[in-house]
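Step one of this worksheet: look at the structure below.
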Amino acid sequence: NLQRIMTEHTISVAKFLEKKGLIDISLAISGIGFKKAKRWSNELGIKNFNLQGRGCLGEKMRRQILINKKSNFKKATNIILIGTDLPDLCHMDLLNALSKLPSNLNWIWTHVGGGQELKKLKKIAHDLAIEKKIIWRGACDQSEVFDEYQNAEIFILPSVIAKDGDRDGLPNVLMEAASQELCCIASDVAALSEFIIHGKTGLLVPPNNPDALVQAIIKLSFDYNLRIEMGSDNYKRLKKDFCHITEVNKIIDNLGNSKEDVTNNLVEP
């Protein structure tokens with residue numbers, strides 16, 4: 001078809017320029033998963049490829065320019081880590097982890113949330129000499145929070161069980177991040193492992209373990225395709241297993257009522 005002919009022509013021109021030493025080719029692909037993208041790239045004889053990820057055409061183009069800057073395909077993109085100010089979050093784990101990241105990793109952490117601990121967190125960030133890498137957004141409305149999700153590369157939820165035993169079983173923010181196709185790093189506490197499949201839809205790390213958090217951040221920061229693949233799988237899992245129709249059907253099954261009578265009145269958002 002026309003699209004295939006145009007693609008083949010573009011690639012032939014690019015390969016000619018590459019042979020002359022004028023460019024390095026990197027194929028940017030959307031609409032298919034990592035395995036299919038890799039197979040297609042191999043069929044075309046192109047070594048380097050990236051999944052395009054989320055956003056409009058301009059955002060995708062900007063992302064590819066950053067990825068392929070100076071033809072260094074292993075260079076990490078800038079990352080944004082989003083947190084919230086909940087009682088059972090361990091900000092110290094995250095701040096300590098951020099302070100230990102290697103100097104060749106270019107990162108930004110956006111903190112969303114207010115609360116009484118904010119002033120203390122800012123002081124700790126200053127003492128760790130990472131305050132210039134942090135954006136403190138404070139309390140935000142829902143539209144602003146989702147803007148941050150859209151701008152983020154990685155979502156991090158360093159949860160702990162509070163001293164009084166309080167814990168957030170399956171936080172809404174984790175579902176929100178998944179809805180925006182973000183790959184997630186979370187502590188393996190409470191019910192977080194029921195949603196995140198380690199190594200498939202995100203990474204789970206032991207609580208109160210900044211070093212493990214460091215390794216998880218490094219792993220995802222330097223592997224763009226893994227971030228995109230995990231983010232996509234995270235969204236698919238949310239839609240398949242955690243949408244409201246699925247959850248209502250589970251309740252119906254447990255109650256023994258007629259599934260058809262109830263689900264006919266449900267509409268997928």
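The values are calculated or read from the model by the stated rules, or taken from the named source; none is laboratory data. Everything quoted here is computed from the prediction, not taken from an experiment. Methodologically, a virtual Cβ is constructed for each residue, glycine included, from the backbone with ideal geometry; neighbour enumeration extends over all protein chains shown. Areas reflect the complete protein model, heavy atoms only, side chains present, ligands, DNA and RNA absent. Shrake-Rupley method; radii C 1.70, N 1.55, O 1.52, S 1.80 Å.
If you wrap the Cα atoms of the stretch 94-141 in a convex hull and average its projected area over all directions, you get 3.4 nm². Of the trypsin sites (Lys or Arg not before Pro) in the stretch 163-243, the ones in a loop by DSSP (not H, G, I, E or B) with at most 11 other beta carbons within 10 Å are 163. Roughly how many Å² of residue 226 are accessible to a 1.4 Å probe, to the nearest 10? Result for residue 226: roughly 30 Å² accessible. Around the amide H of residue 27, modelled in the peptide plane, lie the amide H atoms of 48, 49, 50, all under 5 Å away and 5 or more residues distant in sequence or on another chain. Accessible area of residue 40 (1.4 Å probe, protein heavy atoms only, ligands and nucleic acids ignored): about 80 Å².
Computed over neighbours whose Cβ is under 12 Å from that of residue 38, the net charge equals +2, Lys and Arg +1, Asp and Glu -1. The 3J(HN,Hα) values that the Karplus relation (6.51, -1.76, 1.60; θ = phi - 60°) gives for the stretch 233-240 are, in residue order, 5, 4, 5, 4, 5, 4, 5, 7 Hz. Gly and Pro appear as x. The listed residues 155, 49, 242 rank as 242, 49, 155 when sorted by accessible area, largest first, using a 1.4 Å probe.
Residues 230, 175, sorted by accessible area with the largest first, give 175, 230 [1.4 Å probe; ligands and nucleic acids excluded]. Amide H to amide H, with H built 1.01 Å from N, residue 205 comes under 5 Å of 186, 187, 188, counting only residues 5 or more places away or on other chains. Rounded to the nearest Hz, the phi-derived 3J(HN,Hα) couplings of the stretch 171-177 under the Karplus curve 6.51 cos²θ - 1.76 cosθ + 1.60 (θ = phi - 60°) are x, 4, 4, 5, 5, 4, 4, where x marks glycine and proline. Each residue of the stretch 197-204 was assigned a 3J(HN,Hα) from its phi angle through the Karplus curve 6.51 cos²θ - 1.76 cosθ + 1.60 (θ = phi - 60°); the sequence is 8, 4, x, 10, 10, x, 10, 10 Hz, with glycine and proline shown as x. R0 = 25 Å: FRET efficiency of residue 44 with residue 222, Cβ-based, nearest 0.05? Computed FRET efficiency for residue 44 and residue 222: 0.50.
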